[in-house]
Structure formats: C-alpha cells, structure tokens
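Encoded as structure tokens, the structure appears first; notes follow it.
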Amino acid sequence: MSVLVALTAQNTTAVTDVHTLPPEFVRAQLDAVFDDIGADAAKTGMLFSRELIATVADYLEQHPVPLVVDPVMIASSGAKLLQDDAVETLVTRLFPLATVVTPNLNEAELLAGFSGSRRELAERIHALGAPAVIVTGGHGDDAIDHLYDGERHVEIPVDRHDVRATHGAGCTHSATLAASLAQGRPLDEAAWVAARAASEAVRHGLADLGAGDGPVDVLNVKGAA
C-alpha cells in the first residue's frame, strides 16, 4: 500500500520539479490504509519538507509499526529531494520512531556531517537517535552494507554489478527490508534479504532505457519475456 506525499517530474536524467501534496490528504491516505488492510510494517522514502515529515511522524506516533526510514535526500541524478531545513525535522521526529534508518553513503555523510568509514557514519547516525542504521553499499569503493544496532556491527557483502541501471536500488532495498520485517524476520536477517534483492534488481536492470541511469528490474521482467 502506498501513501503519496509528493509528485515529481523526472526521467532517467533529472528531476525537474516537485509538487507536494496537502498534509490533510496525506493523513486521509494513511487512514485509508490503516483503517482497512492495515500495516505490519512501513517504510518512508522521499518526504521533501518539514511539514510533510511532521505529518507522517504525528500519524506514526499514534499508529506504531516496525518502521524503515529511508532518508531520501539526493536523487541519482543529483537533484535534492529533501529541503535543507527539513533535515533536522527528519532526524528529531522520524529517527526515534524508526526500527532502522537506511542511508546510502552520500546521505550518511550529509547526516553525520563528515566523511568517514561506514562504521563511523553508522555510529554517528545511531547517536543522532536512530535505534539501528544500515549504511548501504551501492556507493563508494567497498560494496558492503554496514548494519549497526547500537551493540553489533554487521557487514553484509553486496554483489555489485557493472550495469548502468541503478535508478530505484535504494527504494528496492528499503521496501524489501520493510516487507521482511513485516514477515517477522529479525533485523539482521531482513538486512541480508534486502541486500540480495537490491543487488539482483540492479543486475537485471534496464540499462538501455533512457539517456541516464536506467531503472532497476525487481521482477526480472526482461529475463522472463
């Protein structure tokens, strides 16, 4: 089930515009989901503004579920997907509600305020209030997802594929992680499942679609055709 908070005008090369939806409509969508089918877990993605983050946080405080916070800050094209004045709200309102926060390396450095190893970045983001952190391995030299839950550091090797089709890899990871938590898997096991799913989605990605980074193919539609 999806709840839209913003619409984007984008293709494989750029995000050219963002149109946010009214908070009352976001709440109406959340009610529609929780009042009928319900949710065994949830994940947040691009939230864009302080107002929308606060709207989602207010709702989830009243409807707690296992929560994956994917702090979508920068598109693969380089476009900003989180306003500068919204970062603090994301950290103070949503991080404490999360089961796990899943920044990529670039997002982790922005949140932590420094460049460092995934281990160091995960520890810093945990100190900011996230109960657990996975700094994902799609960026940087080492293809490793680094999980830190406040006690254990767990490194999850990720198969990296030389395919120009990474658009959606982070969303695939966080969505699979949320689905695995909804099934009752422990966090470390769910993190392994999510890493494999994101890697395979890139491996099957549609690199010849568009002039930029093509989309991942979660269902391997091309291979099944």
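The values are calculated or read from the model by the stated rules, or taken from the named source; none is laboratory data. Just so it is clear, the model here is predicted, and its values are computed rather than measured. Reconstructed Cβ throughout: ideal geometry from the backbone, glycine too, with neighbour counts over all protein chains shown. Ligands, DNA and RNA are stripped out before the accessible areas are found, and what is left, the full protein with its side chains, is counted by its heavy atoms. Shrake-Rupley method; radii C 1.70, N 1.55, O 1.52, S 1.80 Å.
Remarks
- Looking only at region 67-121, and only at residues there that are of a type in the set (A, V, I, L, M) and assigned to a strand (DSSP E or B), the one that is surrounded by the fewest Cβ atoms within 10 Å (Cβ to Cβ): Ile74
- Filter result for the condition that a residue is over 21 Å from Leu90 (Cα atoms), open to solvent by less than 10 Å² (accessible area, probe 1.4 Å) and in contact with an Asp or Glu (Cβ under 8 Å, 6 or more places away or on another chain), over Ser174, Ser180: Ser180
- Total residues in region 83-119, condition within 24 Å of His63 (Cα to Cα) and at pLDDT below 95: 0
- Region 192-225 - residue that is touching a His at 6+ places or on another chain (Cβ under 7 Å) and surrounded by fewer than 15 Cβ atoms within 10 Å (Cβ to Cβ) and, of those, nearest to Lys43 (Cα to Cα): Asn220
- Glu189 being touching a Phe, Trp or Tyr at 6+ places or on another chain (Cβ under 9 Å), open to solvent by 50 Å² or more (accessible area, probe 1.4 Å), over 22 Å from Lys80 (Cβ atoms) and at pLDDT 95 or above: no
- Identity of the residue in region 123-175, hydrophobic (A, V, I, L, M, F, W, C), out of contact with any Pro (no Cβ under 9 Å at 6 or more places or on another chain) and outside any loop (DSSP other than H, G, I, E, B), that ends up nearest to Val100 (Cα to Cα): Leu147
Per-residue answers, yes or no, for (1) under 25 Å from Glu24 (Cβ atoms); (2) more than 16 Å from the chain's Cα centre (by Cα):
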site: Ile53; (1), (2): yes, no
site: Asp58; (1), (2): yes, yes
site: Val65; (1), (2): yes, yes
site: Val72; (1), (2): yes, no
site: Ala75; (1), (2): no, no
site: Val87; (1), (2): yes, no
site: Leu90; (1), (2): yes, no
site: Leu94; (1), (2): yes, no
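- Filter result for Ala28 (part of a helix (DSSP H, G or I) and either within 18 Å of the chain's Cα centre (by Cα) or closer than 24 Å to Ile134 by Cβ (or both)): no
- Of the residues making up region 39-52, one or more are in a helix (DSSP H, G or I), surrounded by fewer than 18 Cβ atoms within 10 Å (Cβ to Cβ) and of a type outside the set (Val, Ile, Thr).
- Tallying residues that are of a type outside the set (Asp, Glu), open to solvent by 70 Å² or more (accessible area, probe 1.4 Å) and assigned to a strand (DSSP E or B) within region 9-25 yields 3.
- Region 42-96, residues that are among the polar types (S, T, N, Q) and within 20 Å of Ala32 (Cβ to Cβ): Thr44, Thr55, Gln62
- If the condition is being more than 22 Å from Val158 (Cα to Cα) and charged (D, E, K, R), then region 71-117 contributes Lys80, Asp84, Asp85, Glu88, Arg93.
- Residue satisfying all of: in region 125-167; modelled with pLDDT under 95 and among the basic types (Lys, Arg); surrounded by the fewest Cβ atoms within 10 Å (Cβ to Cβ) among these: Arg160
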